[in-house]
Amino acid sequence: MRRTILSIGSLLFLIGAVCLPAQKQEPSRVPLVSDPQDPYVAKEYKVYRERFGQIPTTVAVAANAPAFAKVMDDFRNEFGAAARMDRAILELSILRITQLEGGEYSYVHSLPVAKGCGITQTQIDALPRWRESALFNAKQRAVLAYADGMMEKAGPDDATFKTLSSFFQPSEIVELTLTNGAFAMSSLYTKALRVPLEKSWGTGALTGGCEVSVPYHQIQFE
Amino acid sequence: MVLLGYATVPAQRQDGPRIPYVSEPPDDPALAKNFSDIRAAGLRVSNMFRVTANSPQMGLAMGAFARSIAAAAKVPRKYLEMSLIRTAQIEGGQYVYAHNLPAAKSCGVSQAQIDALPHWRSSKMFDEKDRAVLAYADAMTHNAGPDEGTFQTLLSFFTPQEVLQITMANAFYTMEARYGTAMRIPIEKELDTEKVTGGC
């Protein structure tokens, strides 16, 4: 029997979320499916309800297209577990990307994980003006400059890339770059569809960890 | 949606990517199989995949996602492909733009439309439905996202399910565009052939 495992952690907030009952600020632009007929999505809902008492809004949006919902589950499972680089560095980059993209949903969902990985509240507060801040070390600054550079149409310049390369191996640069891209993707997607934030998400018990490559929560959908 | 393999004669690159292509055959067994499967199908492993393969797990996850969202999409391909090349164009994703042009053409986007794409608003080459798709693609790249009018216009032409798919496809191409640009992935020289995508 085929098993799909969902590990809940930073990257998994790409699309899914851990949450308590939702209160929407703005209505979702596509319907939030409450009673899915598709067997796969129905099973997914059952698991979320049993485990968290709530369906993440991103999941309820994706349920409009069941085949698509499964594709997105598979992606967040596989992609989320794929990174091997230092998680705290990756989370810092994710926060910065989602901040720059205005991807509030993705940003808010990434916050507890970032904190779980040791990023402090003062660093989070300083993130919009990180260049003037003394709170980030040289490696963190290289990552933040790279994230900022990825927002430019021409991409990061050579100096920025060279500095990054002095801290990371090629495989880590691929991971970082793709992860930045993935969170640009999730930001654009959730913004365009106005996926509402759940009123409460990511309690410490659910997102307080930092190890994603060793899933600390696993859900089997089928 | 041709991100992994394509059918061409051997590539000649202008400059290398910013990080080296994975050494071949790849050490990772799953990745090595993936490479050989692509080649066994008569395709070539794309430069993008050869770079991404430096992180085997992520490369495979990306490849599976690219194939799956293409397979799951129910939106008529012409609109999807038009949306994707527009997104790549706005995002400055030269690599994904070049890779998607042949697919767009074989799915019914004309050369005249492609030429007019940068100034589509003032062009007569696009009908109302095309324009709804293009306006949405443009607006997705704005920091605030598409405004209500743009969204509702799109929704008047497509089902919510289709809108969802267009949105995710555009977002995915933004990811690919940013990635390709940051990594400076060279465009394969012989890309622009009818054989590239295997049709629509």
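Observations, loosely collected:
- Applying both filters, DSSP loop and at most 16 other Cβ atoms within 10 Å, to the trypsin sites (Lys or Arg not before Pro) of region A:63-130 gives A:Arg84.
- Rg/Rg_globular for region A:87-192, with Rg_globular taken as 2.2 N^0.38 Å and Rg from C-alpha atoms: 0.99
- Max mean-square fluctuation residue, GNM over chain B, Cα-Cα springs under 10 Å, options B:Gly16, B:Gly149, B:Gly63: B:Gly149
- Trypsin sites (Lys or Arg not before Pro) lying in DSSP loop within region B:24-93, provided at most 15 other Cβ fall within 10 Å: B:Lys74
- Cut-off under 5 Å, modelled amide H: who pairs with B:Arg44 long-range: B:Tyr6, B:Ala7, B:Thr8
- A:Ser34-A:Thr122 FRET efficiency (beta carbon distance; Förster radius 56 Å; 0.05 resolution): 0.85
- In chain B, helical runs assigned H by DSSP with n ≥ 4 each contribute -39500 (n - 2.57); averaged across all residues and rounded to the nearest 500, the mean residue ellipticity at 222 nm is -18000 deg cm²/dmol.
- For chain B: rounded, prolate or oblate by the Cα gyration tensor [a/c cutoff 1.5]: prolate
- Taken residue by residue and averaged, Cβ atoms of other chains lying within 10 Å of the Cβ of B:160-170 number 6.
- Checked against a 25 Å cut-off, the cross-linked pairs A:Lys115/A:Lys139; A:Lys70/B:Lys74; A:Lys191/B:Lys129; A:Lys70/B:Lys129 give Cα-Cα distances beyond that limit for A:Lys70/B:Lys129.
- In sequence order, calculated HN-Hα J values of region A:38-43 (Karplus, 6.51, -1.76, 1.60; Hz; x Gly/Pro): 5, x, 5, 5, 4, 5
- Label-point gap, in nm, between A:Asp158 and A:Ser133 - each point 7 angstrom along Cα→Cβ: 3.1
- Couplings for region A:89-96, taken from phi via the Karplus curve 6.51 cos²θ - 1.76 cosθ + 1.60 with θ = phi - 60°, read 5, 4, 5, 4, 5, 4, 4, 5 Hz in order; Gly and Pro are left as x.
- Net charge of neighbours whose Cβ lies under 11 Å from the Cβ of B:Ala72, counting Lys and Arg as +1 and Asp and Glu as -1: +2
- Net charge in the neighbourhood of A:Arg131 (other residues with Cβ under 12 Å of its Cβ; Lys, Arg +1, Asp, Glu -1) is +1.
- As a proxy for reagent exposure, B:Ser46, A:Ser171, A:Ser34, B:Ser55 were ordered by neighbouring Cβ count within 10 angstrom, fewest first; the result is A:Ser34, A:Ser171, B:Ser46, B:Ser55.
- Charged neighbours of B:Glu24, selected by a Cβ distance under 11 Å, balance to +1 (K, R count +1; D, E count -1).
- Helices that extend 15 Å or more along their long axis by alpha-carbon positions and average at least 0.0 on the Kyte-Doolittle scale are, among the DSSP H runs of chain B, B:56-72.
Every number here is computed from the coordinates shown, using simple stated rules; none is lab data. Only a predicted model underlies this, so the values are computations on that prediction, with no experimental measurement involved. Ideal geometry is used to build each Cβ from the backbone, glycine not excepted, and the neighbour counts take in all protein chains shown.
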